[in-house]
1. With springs only between Cα atoms under 10 Å apart, run a GNM on the chain and tell me which of Ala41, Ala203, Ala58 wobbles the most.
2. Say the cut-off is 30 Å between C-alpha atoms; which of Lys336/Lys398; Lys252/Lys288; Lys322/Lys421; Lys52/Lys322 go over it?
3. Scan around Thr170 for amide H atoms under 5 Å from its own, H built in the peptide plane at 1.01 Å from N, and keep only partners 5 or more places away or cross-chain.
4. Over every pair of different alpha-carbon atoms in the range 42-182, take the mean of 1/r and invert it; report that Kirkwood radius in Å.
5. Please grab the % of Cα pairs in the range 25-104 that end up more than 14 Å from each other.
6. Within the range 81-147, report the chymotrypsin sites (Phe, Trp or Tyr not before Pro) that DSSP leaves as loop and that have at most 16 other Cβ atoms within 10 Å.
7. Taking only DSSP H segments of four or more residues, each worth -39500 (n - 2.57), what value at 222 nm results for the chain once the sum is divided by all its residues, to the nearest 500 deg cm²/dmol?
8. Per q in 0.14 Å⁻¹, report the Debye log10 I(q)/I(0) for the range 137-183, using one uniform scatterer on each alpha carbon and no solvent.
Amino acid sequence: MRRRLFGAAATSAALGLLFSLSGCGSSSGDGDDATLKLVAAEYGTTPETSSKTFWDKATDEFTAQHPGIKVEVKLLPWADIDREVSRMVKAGKAPDVALMGSYSDFAADGKIYAAEDLLSVRAEANFLQPLAEAGSIGNTLYGLPFVASSRLLFYNEALFTKAKVTPPTTWKALKEAAEALKAKGVKFPYALPLGPEEAHAEALIWELSNGGGYVDTSGNYALASDQNVATFDWIKDNLVAPGLVGPVQPGKLNRQDAFDAFLRGEVGMLNGYPSLYHQARAKGIPVKTIAMPVNEGLGPTETPPAVGVADWMVAFNQNDHKQQIGKFLDFIYQDKHLTEFANQYHLLPSTVTATRSHEAGGGTGIDANDQAFLAALRGAQLYPVNNPNWVTISDTIKRNIGRAVEPAADPKTVLEDIANKSRDESKKS
């Protein structure tokens, strides 16, 4: 999945880092000696916040415990990593492990190890259920979730107080709150980022809140379902047409632009993830979070899931380093490493035990808002990343879904067009 979930990527020149950690001899023998190559996404936005600090420390400790195994780590910006890893695999130069945004194409081509080849049964069972389901094809886990996030509705408490509105729980209440915010001069009463950066996230949040989504109960794509069409009809008629989404057309508003506006105090409501909450607090924005409001037509027992997003550890089999990769993954998935990385970037760890450690403090403490994101993640629905066509289909959604709320558009026609394009791409695979 190509999404910019964790801040803006730095340039390749600044953050394309390659370093090696090595030891002398081997403590275990048994053919342990090997050099593992790890390609990882860069989560930092400056050299000071670079992920290099974490990997330096972690791989240094790993090599000390396994002197015969060298580790080389290359960091790449999020904008490049999926494409670059694919290029490496095709060129016969696959890394041993990659921390990236997708995995299913490699699994379909038999290029990666399954979790059962690398991890103990206990370790494999430790992943949070929604993440394990998203990382599995059939009953086999291929994508190992590393860190994750869930989405909640953010609102500027000061602007809400000024407009004399309360946090909405239904679409109707959201519209009424947006109207009151607009009347008080708020620039973006509800920020609706349907630009190509991450429109598939915003779209899925809204679709789930009306009982829809990208797939049906059988896991088949349902991009133009009746619920999804009704969702975009409502958004267009009730938010976009009355001018409640701000001065920028949703199809031209990217997620980062919406976040930046929120951090300037110009947005009343928008969907966000944990790191935005911490950025807002640091800038003095009085931010609160709630679950996404739902269509009041849903039944009283229907509680739509939040949207969850995960990043994946992928272990390639091209270099025949299964034993060494398994040892490295056993090491890096220890609670202390997952919580350290998650805390550094205000993310959520992927395992049950690390989540408990994170909740208990994880070394830096966790507040009630982070607890809310963790609770949402446990029941979240992720993108259908286990479908080999998802990368292409998500790109089709990102580039086209904004058209569904344009003034002259018919949402049903736009969604059907996206569904048709997606079917065409599926036939090519």
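1. Ala58
2. Numbers: Lys336/Lys398 36 Å; Lys252/Lys288 26 Å; Lys322/Lys421 38 Å; Lys52/Lys322 25 Å.
Lys336/Lys398; Lys322/Lys421, as the Cα separations exceed 30 Å there.
3. Sorted by chain and number, the residues that satisfy this are Val294.
4. Details: mean 1/r = 0.0522 Å⁻¹.
For the range 42-182, inverting the mean 1/r across all distinct Cα pairs yields 19.2 Å.
5. On the way: 2081 of 3160 pairs.
It works out to 66 percent of all Cα pairs.
6. none
7. Dividing the helical sum by the residues of the chain leaves -12000 deg cm²/dmol.
8. -0.51
None of the figures in this text is laboratory data; all of them are computed from the coordinates on show. Just so it is clear, the structure is predicted and the values come from calculations on it, not from any experiment. Methodologically, a virtual Cβ is constructed for each residue, glycine included, from the backbone with ideal geometry; neighbour enumeration extends over all protein chains shown.
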